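The values are calculated or read from the model by the stated rules, or taken from the named source; none is laboratory data. Remember, it's a predicted structure, so these values are computed and weren't measured experimentally. Glycine gets a Cβ as well: all are built from the backbone with ideal geometry, and neighbour counts include every protein chain shown. Surface accessibility is based on the protein's heavy atoms, side chains included, excluding ligands, DNA and RNA. Shrake-Rupley method; radii C 1.70, N 1.55, O 1.52, S 1.80 Å.
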Amino acid sequence: MRFNTSLKGLAAAAFVSLAGQGAMAQDAMNELPIIGKPDYGATGFQPAATDLAADLQALDGLVLIIITAIVLFVSGLLVAVLVRYNRKRNPVPARFTHNTPIEVTWTLVPILILLFIGAFSLPVLFDQQEIPEADVTVKATGYQWYWGYEYPDHDFGYDSFMIGYGSNYVTDEIRAELQEQGYSEDEFRLAVDNAMVVPVDSTVVVQVTGADVIHSWTVPAFGVKQDGIPGRLAELWFEAKEEGVYFGQCSELCGKDHAYMPITVKVVSQEAYDAWIDAQVEAFAGTPRADAGVKLASAE
């Protein structure tokens, strides 16, 4: 009897400790800074939270310089031709039809420009498409009109709905729920009730699919976008460099409530992530962290 009582006491103490860790982890996540968020009236990119996003933004800047130079050059040529060869200044037009050096030039120069752009863009594309070994794997499934997240290494999953789903304005109830989860009214239509949680400085591989129609999982600050197609499983990856909250949206028109399908990702410390995983495993009867490595090794 005493032995059974001791076991029950130990189990209760372990549960209380785990619940306390989960609550502490949730409190820490509610205090995260909001980084990847669109700003009203702003232009340009959100702050790059991954190397992929930084590379994409640098490539965009390079291409912008090139196309601006081309536009200015061509506009200058048009103005020069209008001034030099108008009817008043040039009443007798020339009779030739070909100019071989010019034709060779306007063929070779665009080819060289494209090769130059390709030399910088293809490595960025390959970096996106070559999926590295994952530290954390998450499966994101698009539904009409919410996201479902599964953590296959730990055998649990949950659904993620927009806070105030379907509402066009903020009610007192919605405002209270936003504040309870660490958001402000400005995050309405961006924040969800159950965010994807991943650790900072870890390689995260997201497997994307759709359950009904084509959806698209997109987080601009991470530089990632992948269509979720029913019957297919696609992958993307990222490695967030800074703890915080990042927002995205389904980016494929998927029906009448497409606008109510946001994506929220919380990037936390490894310690907070471990505590969160432990709490979710307890809540959903998943595979504990200690057993997940054994499961992965046996699968390989």
- request: Of the listed values (i) 1.13; (ii) 1.49; (iii) 1.40, grab the one calculated as Cα Rg over 2.2 N^0.38 Å from the structure here.
  value: (iii)
message: Probe of 1.4 angstrom, ligands and nucleic acids ignored: what's the accessible area per residue over the chain, in square angstrom?
response: 59 Å²
query: How would you order 110-117, 235-242 from highest to lowest mean count of nearby Cβ atoms within 10 Å?
result: 235-242, 110-117
field: Whichever aspartates and glutamates have a C-alpha closer than 14 Å to that of Lys139, once near sequence neighbours (fewer than 8 apart) are set aside
entry: Glu150, Asp153, Asp155, Asp159, Asp227, Glu235
message: Students sometimes get this wrong: rank Thr68, Thr218 by accessible area, probe 1.4 Å, all chains present, largest first.
response: Thr68, Thr218
task: Given the peptides 191-199, 247-255, 100-108, 277-285, arrange them by the average over their residues of other C-beta atoms within 10 Å, most packed first.
output: 191-199, 247-255, 277-285, 100-108
- request: Just check the range 51-129 against the gyration tensor rule for me: Cα atoms, a ≥ b ≥ c as the square roots of the eigenvalues, rounded for a/c under 1.5, and otherwise prolate or oblate depending on whether a/b exceeds b/c.
  value: oblate
task: Take every Cα pair under 8 Å in the chain that's 6+ residues apart, average their separations, divide by the length, and report that relative contact order as a whole percent.
output: 24 percent
message: Nearest 10 degrees is fine. How inclined is helix 100-129 to the longest principal axis of the chain, computing both from alpha carbons?
response: 0 degrees
field: Gyration tensor over alpha-carbon atoms, the range 136-284, equivalent ellipsoid semi-axes in Å
entry: 22, 20, 14
task: Using a 1.4 angstrom probe on the protein heavy atoms only, line up Arg175, Arg95 by accessible area, largest first.
output: Arg95, Arg175
Within the accessible area of the range 51-129 (1.4 Å probe), percent carbon and sulfur: 74 percent
field: Karplus (6.51, -1.76, 1.60) ³J(HN,Hα), θ = phi - 60°, over the range 202-209, in Hz, Gly and Pro reported as x
entry: 10, 6, 10, 9, 10, 8, 10, 8
statement: From most to least accessible, 1.4 Å probe, no ligand or DNA/RNA atoms counted, Tyr151, Tyr146, Tyr169 line up as Tyr169, Tyr146, Tyr151
- line: For the range 133-265, the percent of accessible surface on carbon and sulfur atoms (probe 1.4 angstrom, ligands and nucleic acids excluded) is 43 percent
field: Rounded tilt (10° steps) of 51-84 against the dominant C-alpha axis of the chain
entry: 20 degrees
- prompt: Normalised by the number of residues in the range 181-300, what is the relative contact order in percent for Cα pairs under 8 Å and 6+ residues apart?
  reply: 27 percent
- line: Long-range amide H partners of Trp147, meaning residues 5 or more apart or on another chain whose placed amide H is closer than 5 Å, are Ser160
query: Going by alpha carbons, how many degrees (0 to 90, nearest 10) lie between the helix axis of 270-284 and the longest principal axis of the chain?
result: 60 degrees
